[in-house]
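To keep things clear, I will list the structure first and then write my remarks on it.
The values are calculated or read from the model by the stated rules, or taken from the named source; none is laboratory data. Quantities reported herein were computed from a predicted structural model and do not represent experimental measurements. Because the Cβ atoms are built from the backbone with ideal geometry, glycine has one as well, and the counts that use them run over all protein chains shown.
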Amino acid sequence: MLADFDRGEAGDVRVASSHRSTGERGAIVGTGQLPPGQKLAKGWPVSHYGPVPKFRPDRWNLQVFGATATGEKYTWTFEEVAALSGITIETDMHCASGPTSTDHEFFGVPAATLLELAPPASQVTHVMAWAEYGYSANLRLADFTSERTLLATHHNGEPLTVEHGFPLRLVVPHLYGYKGPKWLRAIEYMTQDRRGFWEERGFHNIGDPWKGQRHSYQEQ
Ligand SMILES: Nc1nc2c(c(=O)[nH]1)N[C@H]1C(S)=C(S)[C@@H](COP(=O)(O)O)O[C@H]1N2
Ligand SMILES: [Mo]
């Protein structure tokens, strides 16, 4: 598997300072290293299954459903989501098929904010993040509420482009890219785990790039 990826010379990978990227092209945020088996991508590749959905503001909403504390379902318009206070994070993105892209600054609403606005029942252990056309990714609750997990509206100061998930995408910096649905439409609170789109198709249920958790056969 490692041999499939041309990782280049060590010198190809420029090292960022401890917690902020230098802003240099190709700087790796955080540890200054690529996760095992990853190679540095040029630019920001577009990668997804299926067509790019069209944004229809009048029909669009974000929902939280499933095991909420009150049993009710919550919905927000895009305007309402955009009015929530946001934060900026810097991150690299690791696609489980190999490429890592760098120099991403995402702005958006911390996922933890949704939990405050739409409290989950005490038995909730996992969430399913749902996108247009039924794409989904399951996450442990702690991965979803991790302080850098974001419902992102902006990238490097601009609204997301449509192919990168406009108007809203989930960014889970500490997991592989497939755990971050573009064109996010809903969060389902779950009282037990259930596999999402790629997780049902042979990808790892957790998806930690630093542990190389790509394939379901690696699960215990
Ligand atoms: N809705 C949706 N979101 C998706 C995908 C997809 O197929 N559909 N692919 C995922 C995968 S495998 C990766 S690596 C990232 C890629 O994000 P990018 O195209 O912005 O680089 O999007 C993720 N989000
Ligand atoms: Mo991916």
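If residue 138 satisfies all but one of (1) part of a strand (DSSP E or B); (2) away from ligand 2 (no atom under 16 Å from the Cβ); (3) crowded, with 17+ Cβ neighbours inside 10 Å, what's the number of the condition it fails?
(2)
Considering only the range 39-82, state which residues are part of a strand (DSSP E or B), farther than 20 Å from residue 93 by Cα and within 16 Å of ligand 1 (Cβ to nearest atom). Even if it seems obvious, please write down each step before you answer.
Here is the first cut: in the range 39-82, the residues part of a strand (DSSP E or B) are 39-40, 62-66, 68, 74-76.
Within this subset, residues satisfying the condition of being farther than 20 Å from residue 93 by Cα are 62-66, 68, 74-76.
Selection gives 62, 63.
Please go through (1) touching a Phe, Trp or Tyr at 6+ places or on another chain (Cβ under 8 Å); (2) of a type outside the set (Lys, Arg); (3) crowded, with 18+ Cβ neighbours inside 10 Å for residue 159 and return the number of the only condition it doesn't satisfy.
Of (1) touching a Phe, Trp or Tyr at 6+ places or on another chain (Cβ under 8 Å); (2) of a type outside the set (Lys, Arg); (3) crowded, with 18+ Cβ neighbours inside 10 Å, only one is false for residue 159: (3).
Among the residues in the range 151-164, are any among the β-branched types (Val, Ile, Thr), closer than 22 Å to residue 62 by Cα, more than 15 Å from ligand 2 (Cβ to nearest atom) and touching a Gly at 6+ places or on another chain (Cβ under 8 Å)? Working first, answer last.
If we filter the range 151-164 for residues that are among the β-branched types (Val, Ile, Thr), which is where we start, we get 153, 161-162.
Checking the rest, the ones that are also closer than 22 Å to residue 62 by Cα come to 153, 161-162.
From the residues that got through so far, the ones that are more than 15 Å from ligand 2 (Cβ to nearest atom) too are 153, 161-162.
Pick out the ones that are also touching a Gly at 6+ places or on another chain (Cβ under 8 Å) and you get 153.
Looking through the range 151-164, at least one residue is among the β-branched types (Val, Ile, Thr), closer than 22 Å to residue 62 by Cα, more than 15 Å from ligand 2 (Cβ to nearest atom) and touching a Gly at 6+ places or on another chain (Cβ under 8 Å).
Would you confirm whether or not the range 23-36 contains a residue that is farther than 22 Å from residue 199 by Cβ, modelled with pLDDT of 95 or more and within 16 Å of ligand 2 (Cβ to nearest atom)? Outline the logic, then answer.
Going through the range 23-36, the residues farther than 22 Å from residue 199 by Cβ turn out to be 23-34.
With the extra rule that they be modelled with pLDDT of 95 or more, the set shrinks to 34.
From what's left, within 16 Å of ligand 2 (Cβ to nearest atom): 34.
Yes, the range 23-36 contains a residue that is farther than 22 Å from residue 199 by Cβ, modelled with pLDDT of 95 or more and within 16 Å of ligand 2 (Cβ to nearest atom).
Over 22 Å from residue 29 (Cβ atoms) and either at pLDDT 95 or above or away from ligand 1 (no atom under 14 Å from the Cβ) (or both), is that true of residue 203? Outline the logic, then answer.
On the way: over 22 Å from residue 29 (Cβ atoms): yes; either at pLDDT 95 or above or away from ligand 1 (no atom under 14 Å from the Cβ) (or both): yes.
Spelling it out, residue 203 is indeed over 22 Å from residue 29 (Cβ atoms) and either at pLDDT 95 or above or away from ligand 1 (no atom under 14 Å from the Cβ) (or both).
Can you give me the number of residues within the range 172-195 that are under 26 Å from residue 68 (Cα atoms) and in contact with a Lys or Arg (Cβ under 8 Å, 6 or more places away or on another chain)?
So in the range 172-195, the residues under 26 Å from residue 68 (Cα atoms) come out as 172-175, 178-195.
After this cut, where a residue has to be in contact with a Lys or Arg (Cβ under 8 Å, 6 or more places away or on another chain) as well, the list is 172-174, 180-184, 193.
Total satisfying the criteria: 9.
Of the residues 178, 133, only one is farther than 26 Å from residue 37 by Cα, within 12 Å of ligand 1 (Cβ to nearest atom), among the hydroxyl-bearing types (Ser, Thr, Tyr) and in a helix (DSSP H, G or I); which?
Only one candidate passes the filter, namely 133.
Out of (1) within 16 Å of ligand 2 (Cβ to nearest atom); (2) touching a strand residue (DSSP E or B) at 6+ places or on another chain (Cβ under 6 Å); (3) part of a loop (DSSP other than H, G, I, E, B), what's the single condition that is false for residue 124?
(1)
Could you say whether any residue in the range 168-180 is more than 16 Å from ligand 2 (Cβ to nearest atom) and in contact with a strand residue (DSSP E or B) (Cβ under 8 Å, 6 or more places away or on another chain)?
Start the filter on the range 168-180 by keeping residues that are more than 16 Å from ligand 2 (Cβ to nearest atom), which leaves 168.
Imposing the further condition that a residue be in contact with a strand residue (DSSP E or B) (Cβ under 8 Å, 6 or more places away or on another chain) reduces the set to 168.
Yes: one or more hits.
Under 25 Å from residue 163 (Cβ atoms), among the hydroxyl-bearing types (Ser, Thr, Tyr) and surrounded by 13 or more Cβ atoms within 10 Å (Cβ to Cβ): which single residue out of 91, 113, 68 fits that description?
Details: 113 fails: under 25 Å from residue 163 (Cβ atoms); 68 fails: under 25 Å from residue 163 (Cβ atoms).
Just one listed residue meets the conditions, 91.
Matching residues to (1) surrounded by fewer than 15 Cβ atoms within 10 Å (Cβ to Cβ); (2) of a type outside the set (A, V, I, L, M); (3) part of a strand (DSSP E or B):
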{"residue": "167", "(1), (2), (3)": "no, yes, no"}
{"residue": "170", "(1), (2), (3)": "no, no, yes"}
{"residue": "174", "(1), (2), (3)": "no, yes, no"}
{"residue": "185", "(1), (2), (3)": "no, yes, yes"}
